Amino acid sequence: MAATGAVAVLSSALKVDTVPVPETAGTAAGMAATSSATAAAAAVAAAARTGSEARVSKAALATKLLSLSGVFAVHKPKGPTSAELLNRLKEKLLAEAGMPSPEWTKRKKQTLKIGHGGTLDSAARGVLVVGIGRGTKMLTSMLSGSKRYIAIGELGKATDTLDSTGKVTEEKPYDKITQEDIEGILQKFTGNIMQVPPLYSALKKDGQRLSTLMKRGEVVEAKPARPVTVYSISLQKFQPPFFTLDVECGGGFYIRSLVSDIGKELSSCANVLELTRTKQGPFTLEEHALPEDKWTIDDIAQSLEHCSSLLPAELALKKSKPEEPNEQVLSCEYITLNETKGEDDVIKTF
């Protein structure tokens, strides 16, 4: 109907704009006009078909998006928080599927669940595990699994955040510290140890994050030391005042606290200059973490298929029944889990 209407309007316009031509050229002019009208009509019809195909394609992508279920990994750059990155991912997926749009408001509500397990500081980069669909129920297991980090520490400076983004609170000499000194104390930070979490963290007091309270200038008491596990730790490089560590640890462990404690053990102080998570559970930065240009429905579907073999059998997901084409998503639910098991932070948007 749209194509027919467009052709009718176009034909009318052609009649109004027709200029009288000499009789000798009438036949040629008539043929030219007919040819132009036919070409225009074909172009309008083609455009209508293209628009219809585009709508069908968007609907198919929306259906595919709703069918995604499992766990995959993305590459978080420095700068955004883990929650901000998740929001960016969600927006890209919804935009690709053409949602939300006015036509979806008349359809049955479905929920697209998406969340991350294991917060990375805004100043850190690396593997961020993401759950989508029923995969969000698997994120808790990601928190208790092992993680691996490459951390660059800076001796001689302490900050209120325990990393380079904070305000310097103390400076001490470090010129007498040697590589052997650092290597000699690492054994003290291996195995099952006690660790005091940073004040600037996602841990909560009275329902609010400690970092939020600190930024408001409120007085916050440090959380008591708690048991954590370090599976391995090694010194990769030492070029004073900087030292590079390769650390594999369990859930709830803070690299910032580790580096700060190392500085104190060396009778100096230290903060984290750079932090990269290279592995979380079975997901590695090099092999599994999708860069932002791969945040598409098709690329994530392939990644979910590839990553399904990495998960324990008890976490394997059964294939879910595809949603009906006319039942598309209108709402998104974020599920962000903090480093401490059991401290869930759920944010819903509609």
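The values are calculated or read from the model by the stated rules, or taken from the named source; none is laboratory data. Just so you know, these numbers come straight off a predicted model, no measurement behind them. Because the Cβ atoms are built from the backbone with ideal geometry, glycine has one as well, and the counts that use them run over all protein chains shown. Protein only, heavy atoms only, side chains kept; ligands, DNA and RNA dropped before computing areas. Shrake-Rupley method; radii C 1.70, N 1.55, O 1.52, S 1.80 Å.
With every protein chain kept in place and ligands, DNA and RNA left out, what is the accessible area per residue of segment 244-290? Probe 1.4 Å, answer in Å².
28 Å²
From the cross-link list 237/294; 92/113; 76/147; 147/167; 78/137, which pairs have alpha carbons spaced over 21 Å apart?
237/294; 147/167; 78/137
For residue 226, which sequence-distant residues (separation of 5 or more, or a different chain) have an amide H within less than 5 Å of its own amide H, given hydrogens modelled in the peptide plane?
Distant-sequence amide H within range of residue 226: 195, 196.
Would you tally the net charge around residue 299, using a Cβ to Cβ cut-off of less than 14 Å, leaving residue 299 out, and scoring K and R as +1, D and E as -1?
-2
Once R0 is set to 25 Å, what does the formula 1/(1 + (r/R0)^6) return for the Cβ-Cβ distance between residue 236 and residue 165, expressed as a FRET efficiency to the nearest 0.05?
Approximately 0.65, to the nearest 0.05.
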